[in-house]
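Colleague: Quick one: this structure, given as structure tokens, is what I'll be asking you about.
The values are calculated or read from the model by the stated rules, or taken from the named source; none is laboratory data. Everything numeric here is computed off the predicted structure, so don't read it as measured data. Virtual Cβ from ideal backbone geometry, glycine too; neighbours counted across all protein chains shown.
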Amino acid sequence: MNIEPLIRAIPDFPIPGILFRDITPLLKDAGGFRAAIDLFAKRYRDEKIDLVVAMEARGYIFGAPLAYALGAGFVPVRKPGKLPSTTYTESYALEYGTNSLQIHDDAVGHGQRVLVVDDLLATGGTAAATARLLAKLGAHVIGFGFLIELVGLNGRAALAPHDVTAFLEY
């Protein structure tokens, strides 16, 4: 199934000049959503993934069902103050300021094979911060999987030398 027609382009959202790639039509289409998860699962089924790690919030939409499909565990990366136990924190740059992400300090065992999943790769700041968190835990990052990549923003460079897969490019 071709999922690209289920991605809607919304001009001037959230600010003028941005062309937002809206995944909600894909999510509400049972066949389209299944096809998207199947793309990820097919790509990573032979990688012996121990854990799928996904970032708040849209990464969870793909990460949790993918973990189930791969027979792997699921680890959420969250915004500060949302995780109840001891955490590691990493900050990353935004256009105007910074933001931070956290992971439980016992979320990943040293050497566990981890796949990081999110809906969209733009500048790579969120994913790179997640990579730094996983490095603190000693994870073996197998790669990064994204439904969509905005290629003009060169987010792959922020994730080098990791393997990066995106199923749709704009």
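Colleague: Would you mind stating whether ALA30 is farther than 25 Å from ILE142 by Cα, more than 14 Å from the chain's Cα centre (by Cα) and not acidic (Asp, Glu)? First the steps, then the outcome.
Modeller: Working: farther than 25 Å from ILE142 by Cα: yes; more than 14 Å from the chain's Cα centre (by Cα): yes; not acidic (Asp, Glu): yes.
Taking the combined requirement at face value, the residue satisfies it.
Colleague: Go through (1) in contact with a helix residue (DSSP H, G or I) (Cβ under 9 Å, 6 or more places away or on another chain); (2) closer than 21 Å to PHE20 by Cα one by one and return the number of the condition PRO76 breaks.
Modeller: The one condition PRO76 does not meet is (2).
Colleague: Whether any residue in the stretch 95-117 is out of contact with any Ser or Thr (no Cβ under 7 Å at 6 or more places or on another chain) and within 19 Å of GLU169 (Cα to Cα) is what I want to check.
Modeller: Within the stretch 95-117, one or more residues are out of contact with any Ser or Thr (no Cβ under 7 Å at 6 or more places or on another chain) and within 19 Å of GLU169 (Cα to Cα).
Colleague: Can you name the number of the only condition in (1) in a helix (DSSP H, G or I); (2) hydrophobic (A, V, I, L, M, F, W, C); (3) farther than 18 Å from LEU27 by Cα; (4) touching a residue at least 60 places away in the same chain (Cβ under 8 Å) that ALA135 fails?
Modeller: Of the numbered conditions (1) in a helix (DSSP H, G or I); (2) hydrophobic (A, V, I, L, M, F, W, C); (3) farther than 18 Å from LEU27 by Cα; (4) touching a residue at least 60 places away in the same chain (Cβ under 8 Å), the odd one out for ALA135 is (4).
Colleague: Okay, moving on. If you take the residues of the stretch 94-114 that are under 20 Å from ASP50 (Cβ atoms) and among the aliphatic types (A, V, I, L, M), which of them is nearest to the chain's Cα centre (by Cα)?
Modeller: Our first condition is that a residue be under 20 Å from ASP50 (Cβ atoms); within the stretch 94-114, this holds for 103-114.
Next, only the ones that are among the aliphatic types (A, V, I, L, M) stay: 103, 107-108, 114.
Values: ILE103: 14, ALA107: 16, VAL108: 16, VAL114: 12 Å.
Checked the stretch 94-114; the qualifying residue nearest to the chain's Cα centre (by Cα) is VAL114.
Colleague: Could you please let me know if VAL151 is closer than 25 Å to THR24 by Cβ, loosely packed, with under 15 Cβ neighbours inside 10 Å and either modelled with pLDDT of 95 or more or of a type in the set (Ser, Thr, Tyr) (or both)? Even if it seems obvious, please write down each step before you answer.
Modeller: Numbers: closer than 25 Å to THR24 by Cβ: yes; loosely packed, with under 15 Cβ neighbours inside 10 Å: yes; either modelled with pLDDT of 95 or more or of a type in the set (Ser, Thr, Tyr) (or both): yes.
Here the answer is yes, as VAL151 does meet what is asked.
Colleague: Out of ALA127, ALA131, report the one residue that is under 22 Å from ASP22 (Cβ atoms), surrounded by 18 or more Cβ atoms within 10 Å (Cβ to Cβ) and of a type outside the set (Ser, Thr, Tyr). Explain how you work it out, then say what you get.
Modeller: Values: ALA131 fails: under 22 Å from ASP22 (Cβ atoms).
That would be ALA127, the only listed residue that is under 22 Å from ASP22 (Cβ atoms), surrounded by 18 or more Cβ atoms within 10 Å (Cβ to Cβ) and of a type outside the set (Ser, Thr, Tyr).
Colleague: TYR60: out of contact with any helix residue (DSSP H, G or I) (no Cβ under 8 Å at 6 or more places or on another chain) and surrounded by 18 or more Cβ atoms within 10 Å (Cβ to Cβ), yes or no?
Modeller: Values: out of contact with any helix residue (DSSP H, G or I) (no Cβ under 8 Å at 6 or more places or on another chain): yes; surrounded by 18 or more Cβ atoms within 10 Å (Cβ to Cβ): yes.
Judged against the criteria, TYR60 is a match.
Colleague: Criterion first (modelled with pLDDT of 95 or more, buried (at least 19 other Cβ atoms within 10 Å of the Cβ) and not aromatic (Phe, Trp, Tyr)) does ILE49 satisfy it? If you could, list the steps in order and put the result at the bottom.
Modeller: Details: modelled with pLDDT of 95 or more: yes; buried (at least 19 other Cβ atoms within 10 Å of the Cβ): yes; not aromatic (Phe, Trp, Tyr): yes.
Here the answer is yes, as ILE49 does meet what is asked.
Colleague: Check VAL77 against each of (1) touching a residue at least 12 places away in the same chain (Cβ under 8 Å); (2) surrounded by fewer than 14 Cβ atoms within 10 Å (Cβ to Cβ) and name the one condition it does not meet.
Modeller: Failing condition for VAL77: (2).
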